[in-house]
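Every number in this text was worked out from the coordinates using simple rules, so none of it is lab data. This is a predicted model, so every value here is computed, not measured. No Cβ is skipped: glycine too gets one built from the backbone with ideal geometry, and neighbour counts run over all protein chains shown.
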Amino acid sequence: MKRIAEQLVYRLKELHDKSYVHRDLKPENILLGNQLNPHKIYLVDFGLVSTYRKKPKKIRKIYDGLIGTAKYCPLASHYGNEQFPKDDL
């Protein structure tokens, strides 16, 4: 389990370093390995990916509804706020 968590955090860091936020992270969007790399973690479903500013001037309310799956979305989404990398975790 520790390796899964480490790889997931690493994959998210790669995404965040490119100024993207996944915004729909849930168990269904995390795949475990394939025949060539059975112990590798993959993130899928980038349909809700968004860019973000690393140093926002202020948090803006820009959404009128949830972004992502209600069961897993962060409080920022519930409040209609822009999501940042911390919200993927």
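Pairs of Lys residues in the chain, spaced 8 or more positions apart or belonging to different chains, with C-alpha separations under 22 angstrom: 26 in total. A dipole drawn for the chain from +1 and -1 charges on Cβ atoms has a positive end, and of Phe84, Tyr72, Val44 the residue lying farthest that way is Phe84. For Leu48 and Gln35, the difference between the fully extended length at 0.36 nm per residue and the C-alpha to C-alpha distance is 1.9 nm. Could you tell me how many degrees, from 0 to 90 and to the nearest 10, lie between the Cα long axis of helix 2-17 and the main elongation axis, the longest principal axis, of the Cα atoms of the chain? Tilt of helix 2-17: around 50 degrees. Shape class of the chain from the alpha-carbon gyration tensor: prolate, with a/c at 1.5 or above and a/b greater than b/c. Judged by the mean number of other Cβ atoms found within 10 Å, the most tightly packed of the peptides 3-9, 71-77, 20-26, 35-41 leads the ranking 20-26, 71-77, 3-9, 35-41. Using only side-chain charges placed at the Cβ, +1 for Lys and Arg and -1 for Asp and Glu, the dipole size of the chain relative to its Cα centre rounds to 440 debye. Only helices enter the 222 nm calculation for the chain: every DSSP H run of n ≥ 4 contributes -39,500 (n - 2.57), and dividing by all residues gives -7000 deg cm²/dmol, rounded to 500.
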